[in-house]
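*Asks:* Starting off with a structure, shown below.
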Amino acid sequence: MRIPKAIITAAGKGQTSLPLQRLVDIDSNEKSALEVIIEEIEAAGIESIGVVIRPPDEDAYRQAAGKYADRLKFIFQEQPSGYGQALLCSRSYVGTDPVLHLVGDHVYLSRLPGKRCAQQLVEVATSSKCAVSAVQPTRETMLPFFGAIGGNRLPQTSNLYEVKKVIEKPTPTLAEQELTVAGFRSGMYLCFFGMHVLTPTVFEILAELIEMSERPVPLAEALNVLATRERYLACEIVGSRHNIGIKYGLLSAQLALSLSGQDRDRILSELVELLAAQPSVANAS
Amino acid sequence: MPLSQANGSLMALQQPMKTNPSWIETITSADLQTRDRSVDRLAAGRSLTELLQAAEQLDAFWRKEPNLYHRVRALFFLASIFRYHVPRQVDLKVDGRTSARAVGHLLGRRFVEAIDVFRAELLSTGPNLAVSSGLARAYYQLGIQTLADQVRKSVRTVRGNQWMFRVGHPGEHPLRIHPMLLGSSEEPSDFPLLVEKTSVRMDFSHSAWSDIFFLGMDYPEGARVINASIDLAVRGRDPVPRPPIEAYLRIIDRPLLRLVSVDLGAEAEIDEIDEVFDFARDYLGLLKAALIASGVVPPAMEGCHQKTRTLLRSLIGQRGRGLELVSQVNDIPKGSRLAVSTNLLGCLISILMRATGQISKIEGGLEEQDRRLVAARAILGEWLGGSGGGWQDSGGIWPGIKLIQGCPAMEGDPEHQVSRGRLLPQHQLLDDQAIAPETRQRLQESLILVHGGMAQNVGPILEMVTEKYLVRSDIEWAARQEAVGILDKILAALRAGDLKQVGALTTLNFQRPLHSIIPAVTNQFTDTLIELAQQKFQSRFWGFWMLGGMSGGGMGFIFDPKSKLEAQAWLAETMIATKRRLQDRLPFAMDPVVYDFSINDRGSWATLLRGDDARMPDGYYGLIAPKWIKQDFRNLSEQAQRELIRLSQNCRESPGSVQWLLDRILPSSSLGQQEPSDLTALLRDNGFDSEQHEQIRSDLKLGRIGLAQNRLPAQTTIDDVLPDDVIDVRGESDQALRQLGAAVIADGALAVVTLAAGAGSRWTGGAGVVKGLHPFWKLLGKHRSFIDIHLAKTKKTSTEFRVPIPHVITTGYLTHGPIEKFLSERGDGDELGPVYLSRGMSVGLRTIPTARDLRFYWEETHQQVLDEQQQKVRESARNALMQWAIQQGEASDYLHNTPLQCLHPVGHWYEVPNMLRNGLLRRLLSEYPKLRYLLLHNVDTLGASIDPLLLGHHIREKACLTFEVIPRRIDDRGGGLARVDGHPRLVEGLALPREEDEFRLRYYNSLTTWIDLELLLSVFGLSHNELDDQTKVDSAVRRVAQRMPTYLTIKDVKKRWGHGQEDIFPVTQFEKLWGDMTILPDVRCRYLVVDVFRGQQLKDPAQLDGWFRDGSSKYVENLCEFTRP
């Protein structure tokens, strides 16, 4: 299975400016979050990238994309009608090939030397020849923030799961009933990583659901249907995701990048200095 | 004495055991016939040695057996062996002592340790009643505890419940409030109101309490219930039936939890999470349990010491926001047997789960998986609140009529390989195909639901049913099978639309299987109503319908639909009249009511109201609006201002509809008119000594008297009596002494005195009814009271000796009128023989306890620790009661109840002197000049009878008082016969310097006393002639009274309010006790050791089942000759 294209969604309410934020990457280069995401995709061998945005944001995104601007295809979501509809806007761009999809408000950090997160996902999808979502074991207290899957581990694998059920931001009550995974500690669930390889069936399903529903349709709903129609896997990624859209999310993402890169010692020293300059805080803790 | 037998048993225990597999096989066998053998059958014909060997095998079995139900069954087998079978065979003359260490373990719920101590004693001393009763109790309680632990574990492991036991910090709360409750951006503080309305459940049959969790989990095939969800209206008050339970929820603009119970008139604003776990602090325990069980405040947060605002911020996602939860039960009285509490809990849990997205739909009905989840959470909530019913109780959440059945546990279920059945049953809705709409309609037209007004605790019944099921007593097992068969027939009759047949079957169910398993399901009130209905309506009365666990409260009567209106009116009238007649004998909490009902086909239903429609129920504003009105409008929150404006608008638009608000905020002429004259008159008429009362109050306040001061000095030595201190008459047949006694009886020299002045507060839980008149058991086919039985025993002796035997019943302020009325209504005076009432001449006024005494009572005396959650609830209640006592004023008069409940009897010591003071003894001596002896006994000592042999002993010993004592069993607490500083005497438990002293005493005081009147009069310093001189008599009584110790005690007293609600308060009273006559050196006392059957006392209705099964009731029946067969 070949995955020639990728889609970044960045048209969500309150999310449009997030990819434009500036960060310093692990190589100590300052760039926008969008550039960091694009590099993640590039490293996975993807040839073409579409970005779903709101029409007025095009200039800002072009600027934020820097040297990658010319390689991007901007797709417009005219009205903020939900995540599923944003993805569906890219249907004609995607065509009949599987597509890598990343959300615009996350940055990723791999813990596998020489292999970025998107690359891990694409390799699994390519060899498995089906839709695959990147997932991460997540404590139940974080369920209000993520979509989560239920399923069984594939035999003879350590990080692949056959997805049976997908629920967007489930309550722990529902998660316990529907999403437990054999072998997992109680209270741990496989939650989305913000990265998927989607097959054309997903777009078909999205179209059907949006047609039937008057409310915005989340991607998770379509993926739940996908699990009943074709083989659909989840892959536990060796890495971490950082949501820059939540409070202190950008700071946390920056720290994660810096502490994993060549500026690690410098950042650590600065943190120690900061802590030393606030004796009352240090004592209180 | 057959010592060899005891030694033989002992040796048998120490030798290798013979193999006798039948007991264990009965527990483990897959073959139903083998498995269902009863303990009674297994024990029949076994020698003591064989029984003890079987007990050894069973004890070894339960300790290593992994299967829960096998373990529990072995424990109940053991309890049964030691409660019923070993006592029949032990050598009655081997008296044992109860180990203080073992009792300490029992009270602390360390049951295994208690068993180990008792077993060690069994090995060292051989079998006796004390150790046997101890083992029976320990095995029984361990069995019940093991079952309760399993249900708790199962509830916790239900998928969807587990996370709540892990999330311990409010900042990590994984639930979010439903966005539809957040309000609009235009009106940020005008939050929508979510309303949920729920029915109650009415059961057609519960197949002999088969919905008890333990039963359903062990015997899913027999766990079957048919129930219907119904709406109710109180006849004459409500226009049409409606769901009786309502819950309201909304976001508020203050960062706290506000809980309001409209019907209980209680509200609280909760700022600390820990307060949510303080269940008994106020009347909001059920709302708090719902908050916890719904996961809004997960159980794991108990003790987190965090503010609710932290939790609310995570939950609602906004600062400064809180939640308000309001409950309302539409004035349906407590004890309706319609599971109002469980369905209210279910309704509250459902609304909270909707609000937090745990139920798929915020509005409308519930899906099946939602209902099951709510039911599971309701079980959790009941456990948290320290209560619990059966699994059918949350039936009001479901729609219509349903068949609910236990399910076998399959692989993947948490119960798999733990129990045979699942915790939760399957609900099968019986649709219009199964039961035609016309049949449903006709059911509504023929069944009349009522609340008889009786308040009774169904808890002990459920424990008895569980025990009987597990030991498979033959009668119980046959009855259970019959009940299961009747359910099938009811189902068939419903399918066929034959409601007359349904009525016949529900009656049969009540009168046959249910009554066979638990005779206490019925009572004189219920039986009278059934009898009267049959007489009045004959073939138009189709049957009786028991609801829930027992009758007397909520019940049903089925009539020909053409007679329904007539029957409704007749029932309303007849129930009130019957209640009036019986209310001194049976505990009624309220006047009976008749309901209208309709079947609810929607189940629990929620609606989201917005804007002006988002209005709380009227009662809510009655509670809350006065508080708003008292504040400056500008200081109110935006939301409260808006509510107040809407309320004011409503008042203007329809002034007639706001009468309730005016009643609440303005004084009315009927308020504040509590007339104290009733109490004053009662005090005056019953010999209240105000001087003594003030002295006691002053002493109490200064700490001169109190519970701690009841005790004898610490240096007092307490020892068991020596063999020569007692005369053991068990099994004795001294003909000479018997003839001596018989001659005296035949000569007319004996009278009987039954002490019945006390309130019997333990028997009725402080309900203030007359224990002596309580028709507690059916003997020879009729409900008999304690007094019925005592009179029948005297009658039999009188017939046997052909002599009239005067029978005196001593009475008090509470009991005199009712007993007098009861005797006159019996109408068999001539046949009965001479009966006299000796009216009490003294009364005390209860006072509020001091915090010091409450602390001593609760913390310094040994008390049974309850199951974990119940103990938490008890401790919370005790804190609240301590605050109540301090606020009310320690040692101040207790006046906050009906006048009769504010008085107290001053102890049974006064009852014999009262016969001197009220002139009855003088009268008896003049009417029966030969009268020389009295047999005095307590009203609850049913085995006490005129025994010529014992009287012979008394005469031969030339004693003034001869007391009967019995070998102590584990339940016999409260003192006994002891050598106190070397002198034998009776000593009260509350006077013992150390509580553990009691366990060294082999004999318990039955209080039954043979009295030589001449010698007694000499103790009082009175001659026959001086009995006419009231002044001398009074002075003599006062003189002896001053030599008697006075004890301070704490008793529970019930206060009734609202619709069948009852609160229990501790109050202080004082008393002087008859047994203390033994401390007077000038009173010659002797002590006879008699059989347990003769001397045991019935203090608690929970003893009745054992009393029946161990042969005690038969023993008593044989002593009686009833004039009303």
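The values are calculated or read from the model by the stated rules, or taken from the named source; none is laboratory data. Here the structure is a predicted model, which is why all the values come from computation and not from measurement. Heads up, the Cβs are rebuilt from the backbone with ideal geometry, glycines too, and the neighbour counts pull from every protein chain shown.
*Asks:* Would you tally the residues in segment B:594-626 being assigned to a loop (DSSP other than H, G, I, E, B) and more than 21 Å from residue B:187 (Cβ to Cβ)?
*Replies:* Qualifying residue count, segment B:594-626: 6.
*Asks:* Here's something else I'd like to know. What do you reckon, is residue B:41 part of a loop (DSSP other than H, G, I, E, B), out of contact with any strand residue (DSSP E or B) (no Cβ under 6 Å at 6 or more places or on another chain) and not acidic (Asp, Glu)?
*Replies:* Judged against the criteria, residue B:41 is not a match.
*Asks:* Only residues in segment A:190-208 that are closer than 19 Å to residue A:121 by Cα count as the first member; pair them with residues that are in a strand (DSSP E or B) and of a type in the set (Lys, Arg), Cβ under 6 angstrom, at least 6 apart or cross-chain, and list the lot.
*Replies:* Once the first residue is closer than 19 Å to residue A:121 by Cα and sits in segment A:190-208, its partners that are in a strand (DSSP E or B) and of a type in the set (Lys, Arg) give A:193/A:241; A:194/A:241.
*Asks:* Shifting gears a bit: Could you say which residue among A:148, A:234, A:220, A:175 is under 21 Å from residue B:177 (Cα atoms) and more than 14 Å from chain B (Cβ to nearest Cβ)?
*Replies:* Exactly one residue qualifies, and that residue is A:220.
*Asks:* Looking only at segment B:471-480, decide whether some residue is modelled with pLDDT of 90 or more, over 16 Å from residue B:207 (Cα atoms) and either out of contact with any strand residue (DSSP E or B) (no Cβ under 8 Å at 6 or more places or on another chain) or surrounded by fewer than 16 Cβ atoms within 10 Å (Cβ to Cβ) (or both).
*Replies:* no
*Asks:* Okay, next question. Under 23 Å from residue B:906 (Cβ atoms), buried (at least 19 other Cβ atoms within 10 Å of the Cβ), of a type in the set (A, V, I, L, M, F, W, C) and modelled with pLDDT of 95 or more - does that describe any residue in segment B:788-804?
*Replies:* Within segment B:788-804, none of the residues are under 23 Å from residue B:906 (Cβ atoms), buried (at least 19 other Cβ atoms within 10 Å of the Cβ), of a type in the set (A, V, I, L, M, F, W, C) and modelled with pLDDT of 95 or more.
*Asks:* Please go through (1) more than 20 Å from the chain's Cα centre (by Cα); (2) in contact (Cβ under 8 Å) with a residue 40 or more places away in the chain for residue B:590 and return the number of the only condition it doesn't satisfy.
*Replies:* Exception for residue B:590: condition (1).
*Asks:* Scan segment B:281-299 and report the pairs whose first residue is at positive phi and whose second residue is outside any helix (DSSP H, G or I) and of a type in the set (A, V, I, L, M), with Cβ atoms within less than 8 Å and a gap of 6+ or a chain change.
*Replies:* B:295/B:175
*Asks:* Does residue B:380 meet the test of being of a type in the set (A, V, I, L, M), over 30 Å from residue B:637 (Cβ atoms), within 14 Å of another protein chain (Cβ to nearest Cβ) and crowded, with 23+ Cβ neighbours inside 10 Å?
*Replies:* yes
*Asks:* Next up: Limited to segment B:506-547, what total is found for residues that are closer than 23 Å to residue B:439 by Cβ and surrounded by fewer than 24 Cβ atoms within 10 Å (Cβ to Cβ)?
*Replies:* 8
*Asks:* Let me ask something else about it. Would you mind finding the one in B:459, B:503 that is under 26 Å from residue B:579 (Cβ atoms) and buried (at least 17 other Cβ atoms within 10 Å of the Cβ)?
*Replies:* The unique qualifying residue is B:503.
*Asks:* Shifting gears a bit: For the structure I just gave you, tell me whether residue B:101 is closer than 27 Å to residue B:465 by Cα and surrounded by fewer than 22 Cβ atoms within 10 Å (Cβ to Cβ).
*Replies:* So residue B:101 fails the test.
*Asks:* Name every residue in segment B:584-606 that is surrounded by fewer than 19 Cβ atoms within 10 Å (Cβ to Cβ) and closer than 30 Å to residue B:774 by Cβ, in order of residue number.
*Replies:* Across segment B:584-606, the qualifying residue is only B:591.
*Asks:* Going through segment A:114-145 one residue at a time, which ones are within 13 Å of the chain's Cα centre (by Cα) and within 14 Å of another protein chain (Cβ to nearest Cβ)?
*Replies:* A:145
*Asks:* Oh, and also: Counting residues that are under 26 Å from residue B:376 (Cα atoms), which helices (runs of 4 or more DSSP H) fully inside segment A:137-256 reach at least 2?
*Replies:* The qualifying helices (runs of 4 or more DSSP H) are A:172-178.
*Asks:* Considering only segment B:958-1013, give the strands (runs of 3 or more DSSP E) lying wholly within it that have at least 1 residues that are farther than 16 Å from residue B:1075 by Cβ.
*Replies:* So the answer is B:961-967, B:1003-1012.
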